[in-house]
Amino acid sequence: MKSPLLSLPGAVPAEGVDEGVAAHYGDLFREQRALADGTGFVDLSHRGVLTVSGPDRLSWLHLLVTQHVSELPVGEATEALILSAHGHIEHALYLVDDGRTVWAHVEPGTQEALIAYLESMKFFYQVEVADRTADFAVVHLPAGSITEVPDGVVVRETAYGRDLFLPRADLETYAEKAGMPAGILAHEALRVERHRPRLGFETDHRTIPHELGWIGSAVHLQKGCYRGQETVARVQNLGKPPRRLVFLHLDGSEVHLPPPGTEIRLADEDPDGRKIGFITTSARHHELGPVALALVKRNVPADARLMAGDTAAAQETVVEP
């Protein structure tokens with residue numbers, strides 16, 4: 001779904017999964033600094049929006065997702081995953097309940113498959129699931145923002161800022177009052193700095209929550225059974241995940257960022273040495289320079305010097321070995 005804000009001055013369209021919104025508006029670092037300072041906004045109107053209503057909405061969702069939501073307080077933001085039977089991550093939901101309806105935004109293009117799964121699990125529960133992507137656009141205000149939120153707009157507030165479920169018809173009007181727009185590249189650079197995983201970027205077909213540090217923030221270890229829960233409990237109690245998320249400081253002398261999928265090896269080994277991981281997201285940060293998130297084998301030493309393709313990389317631990 002193409003955003004009308006692509007008509008704003010300087011807007012350069014994003015590509016790939018984030019197609020439909022702006023990659024940037026002409027000054028990537030200025031946009032990052034604005035968000036870091038608590039000003040401006042990010043157009044995330046390409047993300048999927050769904051709602052779950054009905055008297056059983058929280059108790060029903062509690063049976064399906066990894067997070068404890070049966071007593072989710074009104075207005076409290078949370079995030080949750082849906083796993084496969086083998087414990088692999090299939091969906092990530094960013095949730096808030098307004099007292100009558102649970103609102104969630106999800107990765108672009110994933111809402112149809114997610115809703116199909118939810119519909120198949122309704123059984124006798126009094127719930128209604130709806131795709132609201134055509135009617136509502138997600139807008140992100142950074143932490144510290146004093147930008148006014150229109151009356152009646154559902155807000156999901158976290159330590160990283162506020163996600164607004166704004167009526168899509170009001171998007172252009174709201175943008176005129178919300179300050180400087182920041183593109184998805186600025187938003188992504190700050191996500192990488194905060195070590196926050198993203199479905200489809202840090203995940204593949206075999207990713208389990210422990211690898212990405214999603215235990216706690218998206219996975220509650222003291223709740224009852226849900227699909228994939230046996231894998232979560234087994235890894236938590238009896239072992240460790242096969243891979244772990246790391247944050248990388250990349251050699252700033254390189255002109256090009258290593259793209260997602262770039263193989264990682266130990267710097268002390270031959271250039272044709274064994275692959276120990278791969279880049280998942282890379283970005284240029286306004287203060288840190290070129291940085292990245294990557295998945296590496298669990299037994300890679302935390303102090304090991306790495307090479308991402310031809311680019312030297314120093315790692316910071318996100319998930320403990």
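Please specify each residue of segment 1-32 satisfying the condition of being touching a residue at least 60 places away in the same chain (Cβ under 8 Å), closer than 23 Å to F201 by Cβ, assigned to a helix (DSSP H, G or I) and not β-branched (V, I, T).
Correct list: L5, D18, L28, F29, E31, Q32.
List the pairs whose first member sits in segment 249-269 and is over 24 Å from E287 (Cα atoms) and without any contact (Cβ under 8 Å) to a residue 40 or more places away in the chain, whose second member is open to solvent by less than 90 Å² (accessible area, probe 1.4 Å) and among the aromatic types (F, W, Y), and whose Cβ atoms are under 8 Å apart, counting only residues at least 6 apart or on separate chains?
Cβ pairs passing all conditions: G261/F278.
E263 - would you say it is modelled with pLDDT of 95 or more, more than 22 Å from A92 (Cβ to Cβ), open to solvent by 20 Å² or more (accessible area, probe 1.4 Å) and more than 14 Å from the chain's Cα centre (by Cα)?
Working: modelled with pLDDT of 95 or more: yes; more than 22 Å from A92 (Cβ to Cβ): yes; open to solvent by 20 Å² or more (accessible area, probe 1.4 Å): yes; more than 14 Å from the chain's Cα centre (by Cα): yes.
Judged against the criteria, E263 is a match.
Any idea how many residues of segment 47-71 are open to solvent by less than 20 Å² (accessible area, probe 1.4 Å) and either part of a strand (DSSP E or B) or of a type in the set (A, V, I, L, M) (or both)?
The qualifying residues number 9.
Mind listing just one residue for me: the one in segment 33-46 that is assigned to a strand (DSSP E or B) and among the aliphatic types (A, V, I, L, M) and, of those, farthest from the chain's Cα centre (by Cα)?
Only one residue fits best here, namely V42.
Could you check segment 283-308 and list, in sequence order, the residues that are within 30 Å of D27 (Cβ to Cβ) and open to solvent by less than 30 Å² (accessible area, probe 1.4 Å)? If you could, list the steps in order and put the result at the bottom.
First, pick out the residues of segment 283-308 that are within 30 Å of D27 (Cβ to Cβ): 283-294, 308.
Passing the criteria: A283, H285, G289, P290, V291, A292, L293, A294, A308.
So how many residues does segment 92-103 have that are surrounded by fewer than 22 Cβ atoms within 10 Å (Cβ to Cβ), on the phi < 0 side of the Ramachandran plot and either among the small types (G, A, S) or out of contact with any Lys or Arg (no Cβ under 8 Å at 6 or more places or on another chain) (or both)?
Residues in segment 92-103 being surrounded by fewer than 22 Cβ atoms within 10 Å (Cβ to Cβ), on the phi < 0 side of the Ramachandran plot and either among the small types (G, A, S) or out of contact with any Lys or Arg (no Cβ under 8 Å at 6 or more places or on another chain) (or both): 2 in total.
The values are calculated or read from the model by the stated rules, or taken from the named source; none is laboratory data. No experiment lies behind these values; they were computed from the predicted model shown. Positions of Cβ are generated from backbone atoms using ideal geometry, with glycine treated the same way; all protein chains shown enter the neighbour counts. Calculation scope for accessible area: heavy atoms of the full protein, side chains included, ligands and nucleic acids excluded. Shrake-Rupley method; radii C 1.70, N 1.55, O 1.52, S 1.80 Å.
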